[in-house]
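Notes for the one structure printed next.
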Amino acid sequence: MYHFNVRVYGLLINAENEILISDEQEYGMRFTKFPGGGLEFGEGLIEGLKREFIEECDAEIEVTGHFYTTDFFVKSAFNDSQVISVYYRVKNIKPLNLTIKTRVFDFDGEGDILQSFRLVKLSDLKSEVFLFPTDQQVAKLLIISI
């Protein structure tokens, strides 16, 4: 039996051409990714993305378009599932109410699950800062699109 893990992510680019990225610590690992996460059973992609942005960023978003869907095999780093990720361009409906950090993995507090956010100029974006192969691919596509 094959198990699929469907993930949905948002590419939020502000007026200064900066993209929102998330630094996280979970499962004993540190990683940088785009905001978003796993689809829950019964959710549509856009509904799941909006939920993820509320949970992670306390932000209401509008989806403005599809950007990328995984087109190569990706095995989950956390279990034996195959990951399929869908990326959408999004914009925030209200001003972001986040503490924006400038240093990588600049977490507040301690614990097993930590998260912080950074805004990175698209012109400074590097694919190698992302741990997961699909995020790396999306970063490469963003870099060549500027």
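The values are calculated or read from the model by the stated rules, or taken from the named source; none is laboratory data. Note that the coordinates shown come from a computational prediction; the quantities given were computed from them, not determined experimentally. Here the Cβ is made from the backbone with ideal geometry for all residues, glycine too, and neighbour counts use every protein chain on show. What goes into the accessible areas is simple: the full protein's heavy atoms, side chains included, and nothing from ligands, DNA or RNA. Shrake-Rupley method; radii C 1.70, N 1.55, O 1.52, S 1.80 Å.
Counting just the residues of region 52-74 that are free of Cβ contacts under 8 Å to residues at least 40 places away in the same chain and β-branched (Val, Ile, Thr), which one comes out farthest from GLU40 (Cα to Cα)?
Among those residues, the one meeting the criterion is THR64.
Within region 1-113, which strands (runs of 3 or more DSSP E) (wholly inside it) include 1 or more residues that are over 22 Å from ALA139 (Cα atoms)? Quick ask: steps written out before the conclusion?
Details: elements: 4-12, 18-26, 29-33, 36-38, 61-69, 82-92.
By residue number, 4-12.
Take the residues in region 98-142 that are at pLDDT 95 or above and among the β-branched types (Val, Ile, Thr); name whichever of them is most open to solvent (accessible area, probe 1.4 Å).
Result: THR102.
Which residue is nearest to LYS94 (Cα to Cα), if the candidates are limited to region 63-77 and must be open to solvent by 90 Å² or more (accessible area, probe 1.4 Å) and not charged (D, E, K, R)? Even if it seems obvious, please write down each step before you answer.
Within region 63-77, the subset open to solvent by 90 Å² or more (accessible area, probe 1.4 Å) is 66, 71, 73, 75.
Retained after the next criterion (residues that are not charged (D, E, K, R)): 66, 73.
Values: HIS66: 21, PHE73: 36 Å.
This residue is HIS66.
Check ILE61, ILE84, ILE46 and return the single one that is within 18 Å of ILE21 (Cβ to Cβ) and of a type in the set (Val, Ile, Thr).
On the way: ILE84 fails: within 18 Å of ILE21 (Cβ to Cβ); ILE46 fails: within 18 Å of ILE21 (Cβ to Cβ).
Of ILE61, ILE84, ILE46, the one residue that is within 18 Å of ILE21 (Cβ to Cβ) and of a type in the set (Val, Ile, Thr) is ILE61.
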